[in-house]
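Worksheet for the structure shown next.
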Amino acid sequence: MSKIPKVGLALSGGAARGLAQIGVLKALEEESIPIDMISGTSAGALIGACYAKERKATVLEEIALGVDWKKLARLVDMNLILLWKGFVQGQKVKSFLNSLIGDVKFKDLEIPLAVVTADVETMEELIITEGSVIEAVRASISMPAIFIPVKWDNRFLIDGGVVNPLPVDVVRSMGAEIVIAVNTIAIAPQRKSEQPGGKETKVRPSLHLGDTRLLAVKKRIDSLVRQDKDKIKILDDLLYIAKAKIYTHRGGIEPKTPDIFNVLTQSIHAMECELSKLAAKSADIIITPDVSHIGTFGFHKGEEAISQGYKATQTILPELQQKIRCP
């Protein structure tokens, strides 16, 4: 009887588009495809960490579709005094991550995990496989100029996507004999229509809002939002006044002008897109969900992203099963 090869999963960044990775995991789980190790960058680090903890894609799906993403956006703990270091401090993000993953160490995970980050000063890739999972993930999702870099020992770390957006080589070095690469990094195409063409496969989970994990996450978000209720009200008022002045002033900025966050993320994704194409060439199986129509911060389109990930995985299953049977 032939030995079953070790299967590794390399998960890319992609911000909201990374939610498609939940659909990929769900499809692989349904077919009993073994995942022996995971490497992840940015969004892939977050999804990978959540899955590595308990191997339950349906739990991730329930949380992704049960969270109020508009409310979650209010957890941005902007500090004007530290603005020149980054827009977001990340303490509230860390608290949110704690509700998702829990205060666990890498050694406690069900599946071996490697999180990719980058040293902001040297642009050296730093792969984290020990210590706090939350701190590692927080560093890996810290998009340059938006998040304040995360201190790790004597280094300051940022989003690993700037050096390795699709860590195929990382999971291969962990011992994977077959590498499945999931690439959810994309640049929005030329404007056509809001919805992608073709008939879409809908994957609607049977949500149980009484699930303790989901309730705990929702409760934590509500608590964090309440803490800064007054600050949020003041910020909302200031933004409203600022927008009114900018858009009504003679010679003001065109309202449809992309904001600084979109400009930054699109620029970063353009670079990551090219790097991920190169990395994908060394993978055994490549899954590329059709998520280019989902914006960087389009977390409210989670159902659509998950559906695309699920559908893209179904198309490669025969090839993957063949490789596992005949390595």
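The values are calculated or read from the model by the stated rules, or taken from the named source; none is laboratory data. None of the values given here were measured: they were computed from a predicted structure. Note: ideal-geometry Cβ built from the backbone for every residue, glycine included; neighbour counts use all protein chains shown. Protein only, heavy atoms only, side chains kept; ligands, DNA and RNA dropped before computing areas. Shrake-Rupley method; radii C 1.70, N 1.55, O 1.52, S 1.80 Å.
Taking amide hydrogens as placed 1.01 Å from N in the peptide plane, the amide H of residue 114 sits under 5 Å from those of 38, 39, 40, each at least 5 positions away in sequence or on another chain. Spatially, the range 1-42 and the range 287-305 are offset by 17 Å when compared through their Cα centroids. Estimated at the nearest 10 Å², the accessible area of residue 3 is 150 Å² with a 1.4 Å probe. Rounded to the nearest whole Hz, the Karplus-based 3J(HN,Hα) values (6.51 cos²θ - 1.76 cosθ + 1.60, θ = phi - 60°) of the range 15-25 follow the sequence 6, 4, 5, x, 4, 4, 5, 5, x, 5, 4, with x at glycine and proline.
With a cut-off of 11 Å between beta carbons, the residues surrounding residue 118 carry a summed charge of -4, where Lys and Arg count +1 and Asp and Glu -1. With the whole protein complex present, residue 274 retains an accessible surface near 110 Å², based on a 1.4 Å probe. Note that the range 1-46 presents 28 Å² accessible area per residue, ligands and nucleic acids not counted, probe 1.4 Å.
Take the cross-link list 3/277; 105/219; 277/323; 70/105; 70/92 and give me the ones stretching past 19 Å between alpha-carbons. Over 19 Å apart, Cα to Cα: 3/277; 105/219; 277/323; 70/105. For the range 84-171, carbon and sulfur atoms together expose 50% of the accessible surface, with a 1.4 angstrom probe and every protein chain in place.
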